[in-house]
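For reference, the structure is listed below as structure tokens.
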Amino acid sequence: MGEVRRPGPRERFKEASGTHREKFYRQMRLIRDFEERLLALFEDGVLTGTTHACIGQEADAVGVINHLRAGDVVFSNHRCHGHFLVYGDRPDLLAAEIMGRATGLVGGRGGSQHICYENFFSNGIQGGIVPVSVGMAMAEEFHDTGAIICVFLGDGTLGEGVVYEALNMASLWSAPVLFVVEDNRWAQSTPVEKELAGDMVARAKSFAISAGEIESTDVEAIYPHFETLVEQVRSTRRPHLEVIHTYRLCHHSKSDDMRPREEVEARKEGDPLPLLRGRLEPSTAEKIDEEVAERLEKTFGWALEQPVPDPETLIEPLKERSPEGLR
Ligand SMILES: Cc1ncc(C[n+]2csc(CCOP(=O)(O)OP(=O)(O)O)c2C)c(N)n1
Ligand SMILES: [Mg+2]
């Protein structure tokens, strides 16, 4: 095996604190509460610009990324906070980044959508990350690292032509990429029925890429479902595409929601948080809720005190960063 590119302290994936159930609930609680606090700061006018929350889709990030190993690479899109928080467990650096602070993940230049941390990369251009993830997979193969790439994309993004060039090359070149399509039934204000012809799984199969789907918001269904898929990509060194049919319970961005109210209300029954919380001992769930609330209180308090970058440095290329944050 060659040297793993930018390995990072990724062994944390193996350290389950308490049971899987507790760990998964803690991670989902962190994502949900982080984003709710963020949205409140936008409402209060403390934050400006834009952000896309993944409220309702937390089980995807938790159910997939917890299978990855040190050295594996994650690509995400505009809706990246959940993926990042499971990958990096650094709400402090993410909060500072979204607030445009110098001590954020990428020095306050990336904001909510453009993150780079260890082997995690996100970009807000729909579809743009997909060919990059295939190129990255080929680089990992070239260096014989054994790493795999996991890339998250939305249902609407399947309308971008570059996705199909990337699927074609991934199959031809045998790239170890797990494409995870989060089908939340909407692309901004367009329902999936008006944006996508045919079948998502069949599209991948037409490139001789193995593919499947799961309809669930239950992390205890998604996590075991992805165990074999991640192992399959790792051992066969071939791409796989898996669709998670889920639902976004929040607006697309900060306040834009064109969906029928009744539809959103009905989907709240599948909210992944109460679903898992109900399986925990009430005292355990309360303890986790308190722990997360306390952590986020410190996180946001710290982030709000961070300095903004010196405008003189804004066009300078960012140096390799190891931001300190709260640790
Ligand atoms: C190339 C490009 N076109 C348009 C946009 C604007 N845009 C941001 S999110 C979005 C909808 C994406 O829908 P989907 O892929 O289903 O992801 P979701 O937002 O549902 O998570 C659009 C059109 C963009 N970011 N990039
Ligand atoms: Mg969508």
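Run the Debye formula on the Cα coordinates of the range 191-327, all scatterers equal and no solvent, and tell me log10 I(q)/I(0) at q = 0.09, 0.18 1/Å. So the normalised log intensities work out to -0.55, -1.15.
For the chain, relative contact order (Cα pairs under 8 Å, six or more residues apart, normalised by length) works out to 24 percent. In percent, rounded to a whole number, the relative contact order of the range 68-121 is 35, using alpha-carbon pairs under 8 Å and six or more apart.
Rg/Rh, computed from the Cα trace of the range 218-258 with Rh as the Kirkwood radius, has the value 1.19.
Pairs of C-alpha atoms in the chain farther apart than 30 Å represent 32 percent of all such pairs. Residues within the reach of a label modelled at T19 (point 7 angstrom out along Cα to beta-carbon, backbone nitrogen below 18 Å), restricted to the range 279-319, are 279-289.
Kirkwood-type hydrodynamic radius, the range 33-112: 13.1 Å, calculated from all non-identical alpha-carbon pairs. Placing +1 on the Cβ of every Lys and Arg and -1 on the Cβ of every Asp and Glu, with nothing else charged, gives the chain a dipole about its Cα centre of roughly 540 debye. Computed 3J(HN,Hα) for the range 101-115, one whole-Hz value per residue from the Karplus formula 6.51 cos²θ - 1.76 cosθ + 1.60 where θ = phi - 60°, is 8, 4, 8, x, 3, 10, x, x, 8, x, x, 6, 9, 10, 10, glycine and proline marked x. Estimated from helices alone, the mean residue ellipticity of the chain at 222 nm is -13000 deg cm²/dmol (sum of -39500 (n - 2.57) over DSSP H runs with n ≥ 4, per residue). Under the criterion of Cα pairs below 8 Å and six or more residues apart, the relative contact order for the range 209-327 equals 25 percent. Measuring nothing but protein heavy atoms, the accessible surface of the range 79-229 at 1.4 Å probe radius is 55 percent carbon and sulfur. When only alpha carbons are used to place a centre, the range 20-44 and the range 49-65 end up 10 Å from one another.
Per-residue Karplus couplings for the range 206-222, computed as 6.51 cos²θ - 1.76 cosθ + 1.60 with θ equal to phi - 60°, are listed in order as 5, 9, 6, 9, 5, 7, x, 8, 9, 10, 6, 10, 9, 4, 7, 9, 6 Hz, Gly and Pro entered as x.
At a 1.4 Å probe, what is the % contribution of carbon and sulfur to the accessible area of the range 238-285?
That fraction is 53 percent.
Ranking F142, L229, G82 by how far each Cα lies toward the positive end of the dipole of the chain (charges on Cβ) leaves F142 at the top.
The values are calculated or read from the model by the stated rules, or taken from the named source; none is laboratory data. Being a predicted model, the structure only gives us computed values, none of them experimental. All Cβ positions, even for glycine, are placed from backbone atoms using ideal geometry, and neighbour counts span all protein chains on display. To get the accessible areas, we keep the full protein, side chains included, count just its heavy atoms, and leave off ligands, DNA and RNA. Shrake-Rupley method; radii C 1.70, N 1.55, O 1.52, S 1.80 Å.
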